[in-house]
Amino acid sequence: LLENALLYSGGNGPVEVVWREVDGLHTLRVRDHGAGIAPHHLSRVFERFYRVDPDRGRHHGGTGLGLAIVKHVLERHAGTVRVESQLGEGAEFICEWPCAERSPLWKLPKPK
């Protein structure tokens, strides 16, 4: 997420990263201030090999797998990822997953 934000910000502003833990839920928000993502691409950005701009991928490397991997890892930890974007205003990726003690997938021993 950070690499994408830096790449797509295009020097148009800072990349913002916010981490919070509230009520047993981790939230990570990564926002860039680049060109943004057109509405018709938003539902597909987490698909394997999907690229909003295929030409940009060829020039900067990348396989179109990064966001699909993020989504898969979060789903394996009972989490979610979504994107909010407006053209010309950048994009924000929001990841949420339960803290270890609340996750159905993580059964950690309690400290003594």
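The values are calculated or read from the model by the stated rules, or taken from the named source; none is laboratory data. Owing to the predicted nature of the structure, the values given are computational and were not obtained by experimental measurement. Virtual Cβ from ideal backbone geometry, glycine too; neighbours counted across all protein chains shown.
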Check: Among the residues of the range 25-55 satisfying the criterion of being without any contact (Cβ under 8 Å) to a residue 40 or more places away in the chain and under 12 Å from the mean Cα position of the chain (by Cα), which is farthest from residue 68 (Cα to Cα)?
Finding: 45
Next item on the list: Select the strands (runs of 3 or more DSSP E) contained entirely in the range 15-110, then report the ones holding at least 1 residues which are more than 17 Å from residue 2 (Cα to Cα), modelled with pLDDT under 90 and not acidic (Asp, Glu).
Entry: 16-22
Next item on the list: Output the residues belonging to the range 1-24 that are aliphatic (A, V, I, L, M), touching a residue at least 24 places away in the same chain (Cβ under 8 Å) and surrounded by 14 or more Cβ atoms within 10 Å (Cβ to Cβ).
Entry: 1, 5, 6, 7
